Amino acid sequence: MEKKASHFSGQLGFVLAAAGSAVGVGNLWRFPYLAAKDGGGLFLIVYLALVLTFGFALLVSDIAIGRRTKQSAVSAYTQMHPKWKFLGILTFLVPVLIMTYYAVIGGWVTKYAIIYLTGASEAAAADNYFTAFITSPVSPVIYALIFMGVTAFIVYNGVQDGIEAVSKWMMPVLLVLVAVIAIYSMTLQHTDGNGQVRTGLQGLQYYLTPHVEGLTVSRFLQILLDAMSQLFFSLSVSMGIMITYGSYMKKNNPLEKSVRQIEIFDTCVAFLAGMMIVPSVFVFSGGNEEALSKGPSLMFITLPKVFDNMTLGGVIGAVFFLLVLFAALTSSISLMETNVSIVRDKFGWDRGKGTVIVGIYVLLMGAVVSLGFGPLSFIKILGFGILDFFDFVSNSVLMPIVAILT
Ligand code: PHE
């Protein structure tokens, strides 16, 4: 079978593909906003401590399971012991759910990358631009379709010629781009209406200083919880992805060294993302902490306004959304590959058939998620909109269960 023969060409290919999965919108948008919200340097220290302990253990165990069994997530758990089959199924549900909304967010990123690359950045900075876009019934679905089409094409090309080939150039480029913008944001300076001057370096200081004033136990626990959920999401652990990629790793590639490299890559990008976003927003929002702490709107509403105010903002914005696109794409590939490998193991399909069927599923569900912002916005589950509900079930319910049981 072609499946058994598919593997990464060597350690570098494996590490870059796994880092491609790990580095995603979570690093570029969730990490900076959590850091800004959770006491700057304090969050950084807590997160780093978790990466070095928990994160390391989780990543090693996921990859080791894959490397040893050479199976997709569901069959890997079943092979270890039939009683673990339910764990495989729980694990499998995580990427099944995440994929649907990752496709939608990937579509938004594609749209913004295209706007900035075609020089229409001013439009994106207008009030209500983002809301008008995501609530419209057709356009966001089409962008999700484009994003998923590219993902499916790469997955269809297989482990070495698709996933590895793409990750090998996208990941290094991404690292350089994020570092360039991070350095650029150190040089920013802006005088607001009151004559108050704010600089990028002050923003950096805000980001790095551990803000412990008035810290209570419950607040600390909240920070710990935020860091923990960020860790699972960012490392793509406990969702079958690293099992799948581990199953394509050659037996003689070093496990712990690879995990260290993946973690260093992932954490560096998250740290640099904070360095590029926190100071930029700090400088242009007049040090307003509110603006920094906002979730999704940070990337699609606040940043376009920041770029609009910045010298060379159009170019920086284009570079920024391009790198976000690369990050989202390599993560989306890993989600799709995980699902494709599971249905192939289960039904014996070839790669083409698996890719097409998973692709159709994602598009149909993705369309529902997308419409959840527009025509279907009346649908609320436990008070959540559709996207937030899927996010809640996968990240706050299933993933912790899987992590605790493994
Ligand atoms: N690890 C990715 C990130 O940080 C998110 C992701 C989750 C990717 C699940 C794939 C699967 O954004």
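A few points about this structure:
- Verdict on residue 324 being within 30 Å of residue 56 (Cβ to Cβ), among the β-branched types (Val, Ile, Thr) and not in a loop (DSSP other than H, G, I, E, B): yes
- Residue selected from segment 92-119 under the condition more than 20 Å from residue 26 (Cβ to Cβ) and of a type in the set (Val, Ile, Thr), by the criterion most open to solvent (accessible area, probe 1.4 Å): 118
- Meets criteria (within 16 Å of the ligand (Cβ to nearest atom) and open to solvent by 10 Å² or more (accessible area, probe 1.4 Å)) for residue 375: no
- Close pairs from segment 377-406: first farther than 20 Å from residue 104 by Cβ, partner aromatic (Phe, Trp, Tyr), Cβ under 7 Å, at least 6 apart: 403/232
- Answer from 336, 242, 275 - the residue that is buried (at least 20 other Cβ atoms within 10 Å of the Cβ), over 22 Å from residue 77 (Cα atoms) and of a type outside the set (D, E, K, R): 275
- Segment 249-270, residues that are surrounded by fewer than 24 Cβ atoms within 10 Å (Cβ to Cβ) and either in contact with a Lys or Arg (Cβ under 8 Å, 6 or more places away or on another chain) or outside any helix (DSSP H, G or I) (or both): 250, 251, 252, 253, 254, 255
- Counting only residues that are assigned to a loop (DSSP other than H, G, I, E, B) and on the phi < 0 side of the Ramachandran plot, segment 89-139 holds 7 of them.
- All positions within segment 39-80 that are touching a Leu at 6+ places or on another chain (Cβ under 9 Å), closer than 30 Å to residue 215 by Cα and not aliphatic (A, V, I, L, M): 39, 40, 41, 43, 47, 54, 55
- Failed condition for residue 170, given (1) open to solvent by 40 Å² or more (accessible area, probe 1.4 Å); (2) under 23 Å from residue 325 (Cα atoms): (1)
- No other residue among 139, 185 is open to solvent by less than 70 Å² (accessible area, probe 1.4 Å) and within 24 Å of residue 277 (Cα to Cα) apart from 185.
- Taken together, the residues in segment 357-383 that are of a type in the set (Phe, Trp, Tyr) and more than 18 Å from residue 94 (Cα to Cα) amount to 2.
- For segment 200-217, the criterion of being among the acidic types (Asp, Glu) and either touching a helix residue (DSSP H, G or I) at 6+ places or on another chain (Cβ under 8 Å) or open to solvent by less than 80 Å² (accessible area, probe 1.4 Å) (or both) is satisfied by no residue at all.
- Tabulated pairs, segment 220-234, first at positive phi, second open to solvent by 20 Å² or more (accessible area, probe 1.4 Å) and at pLDDT below 95, C-beta under 7 angstrom, 6+ apart or interchain: none
- Test: residue in segment 307-323 that is within 16 Å of the ligand (Cβ to nearest atom), in contact with a Leu (Cβ under 9 Å, 6 or more places away or on another chain), within 18 Å of residue 106 (Cβ to Cβ) and open to solvent by 10 Å² or more (accessible area, probe 1.4 Å): no
- The combined condition, being aliphatic (A, V, I, L, M), open to solvent by 10 Å² or more (accessible area, probe 1.4 Å) and either modelled with pLDDT of 95 or more or within 16 Å of residue 97 (Cβ to Cβ) (or both), is not fulfilled by residue 362.
- Residues of segment 214-273 that are among the small types (Gly, Ala, Ser) and more than 12 Å from the ligand (Cβ to nearest atom): 214, 218, 227, 246, 247, 258.
- Within segment 52-69, residues that are acidic (Asp, Glu) reach partners that are in a helix (DSSP H, G or I) and open to solvent by less than 30 Å² (accessible area, probe 1.4 Å) with beta carbons closer than 8 Å, at six or more positions or on different chains, in the pairs 62/241; 62/242; 62/243; 62/246.
- Filtered by the rule that a residue be at pLDDT 85 or above and β-branched (Val, Ile, Thr), segment 90-119 gives 94, 96, 98, 100, 104, 105, 109, 110, 114, 115, 118.
- Just one of the numbered conditions (1) within 22 Å of residue 336 (Cα to Cα); (2) of a type outside the set (Gly, Ala, Ser); (3) away from the ligand (no atom under 15 Å from the Cβ) is not true of residue 92: (3).
- Of all the numbered requirements in (1) part of a helix (DSSP H, G or I); (2) open to solvent by 10 Å² or more (accessible area, probe 1.4 Å); (3) over 14 Å from residue 346 (Cβ atoms), residue 85 misses one, and that requirement is (3).
- For segment 120-129, a tally of residues being touching a Pro at 6+ places or on another chain (Cβ under 8 Å) and either open to solvent by 60 Å² or more (accessible area, probe 1.4 Å) or modelled with pLDDT of 90 or more (or both) returns 1.
The values are calculated or read from the model by the stated rules, or taken from the named source; none is laboratory data. A quick note: this is a predicted structure, and the numbers were derived from the prediction, not measured. Positions of Cβ are generated from backbone atoms using ideal geometry, with glycine treated the same way; all protein chains shown enter the neighbour counts. Areas reflect the complete protein model, heavy atoms only, side chains present, ligands, DNA and RNA absent. Shrake-Rupley method; radii C 1.70, N 1.55, O 1.52, S 1.80 Å.
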